[in-house]
Amino acid sequence: MTAIQTTLVLGMTADGKITAEDPKAPRDPDPIDYAHLEHEVSQADLILVGAGTIRAEGGTFTIRDPELLAGRNVRGQSPQPITCVVTRSLEISPDLPFFQQDVERWIFTTGNGLKHSSSVASLQKRADLIDLGDTELDWDRAYTLMAERGIRKVVAVGGGSLSAALLQAGRIDDWWLTIWPIIFGGTTAPSPVEGKGYLPANAPHLELIETRVIGSEVFLHYRTLRK
Ligand SMILES: NC(=O)c1ccc[n+]([C@@H]2O[C@H](COP(=O)([O-])OP(=O)(O)OC[C@H]3O[C@@H](n4cnc5c(N)ncnc54)[C@H](OP(=O)(O)O)[C@@H]3O)[C@@H](O)[C@H]2O)c1
């Protein structure tokens, strides 16, 4: 394993949903959770984000707080972390606002995606396209490449499919889960970890290492216990 620390940062409702059943339904702004996310992302050399989230939200998270930007400067980090989108298909519209944002962009994808996506030529001009496997992304190769390029701290911001892939690959060191004081309900609304799921006997276990409460919001910090 390479010496890259990976933190997953996600918010969920008190009933465990990361979006409403209708993911396009607007959500009220949440300044407390935003500040928490901004602080965590400000530590990162690279943000990992699933293609589903970039398609749904159109762009990546950027740091604006002057103190956090100054902290990055002191640590020798660029003003914004690299944003790396993860996609098998490479079916991402080059017209998304993401491609206009003032950030360095990488895309982890597959040979199959590079072969079949109709947007390869446009995406190549806007991001560093990195082939990490024929049809499935090889996370060992991804982490070796990141280490070779000087990445030490990764913050993964979801969604649930990306979390499942990173968990399955044994790459999540710690988790920040925000519990929003709200209920979305719904049978198909996604949760922090999608994928095939685990039987209880094989389920990954966590250790709680820190909690914070601000108003009605709870911030839970766990580390993944290695088997
Ligand atoms: N509450 C929160 O904190 C939070 C955080 C993030 C997102 N969200 C919400 O969650 C929703 C999106 O979640 P999601 O689970 O549908 O999407 P996601 O995890 O953001 O993206 C899923 C896509 O990522 C790619 N992907 C995932 N695992 C991969 C792997 N191992 N190798 C290669 N590519 C992989 C695939 O892209 P291709 O289909 O292109 O192959 C897959 O369809 C959005 O509504 C978003 O707003 C909420």
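Cβ contacts < 7 Å: first residue farther than 21 Å from residue 50 by Cα and touching a residue at least 40 places away in the same chain (Cβ under 8 Å), restricted to segment 175-204; second residue away from the ligand (no atom under 11 Å from the Cβ) and of a type in the set (Ser, Thr, Tyr), any location; separation 6+ or different chain. Result?
Close Cβ pairs satisfying both conditions: 181/216.
Looking at segment 5-59, which of its residues are among the β-branched types (Val, Ile, Thr), under 15 Å from the mean Cα position of the chain (by Cα) and within 17 Å of residue 175 (Cα to Cα)?
Scanning segment 5-59 gives 6, 7, 9, 18, 41, 47, 49.
So residue 95 passes all but one of these: (1) outside any helix (DSSP H, G or I); (2) surrounded by fewer than 21 Cβ atoms within 10 Å (Cβ to Cβ); (3) within 15 Å of the ligand (Cβ to nearest atom). Which condition number does it fail?
(3)
Output the residues belonging to segment 200-224 that are surrounded by 14 or more Cβ atoms within 10 Å (Cβ to Cβ) and in contact with a helix residue (DSSP H, G or I) (Cβ under 9 Å, 6 or more places away or on another chain).
Here is the first cut: in segment 200-224, the ones surrounded by 14 or more Cβ atoms within 10 Å (Cβ to Cβ) are 204, 206, 217-224.
Of everything in segment 200-224, those that are surrounded by 14 or more Cβ atoms within 10 Å (Cβ to Cβ) and in contact with a helix residue (DSSP H, G or I) (Cβ under 9 Å, 6 or more places away or on another chain) turn out to be 204, 217, 219, 224.
Could you grab the pairs with beta carbons closer than 8 Å, sequence gap of 6+ or different chains, first residue in segment 132-147 and in a helix (DSSP H, G or I), second one surrounded by fewer than 16 Cβ atoms within 10 Å (Cβ to Cβ) and of a type in the set (Val, Ile, Thr)?
Hits for this filter: 143/2; 144/2; 146/2; 147/2.
Take the residues in segment 166-210 that are of a type in the set (S, T, N, Q) and not in a loop (DSSP other than H, G, I, E, B), then tell me which one is nearest to residue 140 (Cα to Cα).
Looking at the filtered set, the residue picked out is 168.
Each row is one residue, and each column tells you yes or no for (1) within 30 Å of residue 32 (Cα to Cα); (2) more than 11 Å from the ligand (Cβ to nearest atom).
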| residue | (1), (2) |
| --- | --- |
| 134 | no, yes |
| 146 | no, yes |
| 167 | yes, no |
| 187 | yes, yes |
| 194 | yes, no |
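Which one of these is under 21 Å from residue 108 (Cβ atoms) and out of contact with any strand residue (DSSP E or B) (no Cβ under 7 Å at 6 or more places or on another chain): 185, 215, 195?
Details: 185 fails: under 21 Å from residue 108 (Cβ atoms); 215 fails: under 21 Å from residue 108 (Cβ atoms).
Selected residue: 195, the only one of 185, 215, 195 that is under 21 Å from residue 108 (Cβ atoms) and out of contact with any strand residue (DSSP E or B) (no Cβ under 7 Å at 6 or more places or on another chain).
Taken together, the values in this text are just the output of simple stated rules run on the coordinates, not laboratory data. Just so it is clear, the model here is predicted, and its values are computed rather than measured. Positions of Cβ are generated from backbone atoms using ideal geometry, with glycine treated the same way; all protein chains shown enter the neighbour counts.
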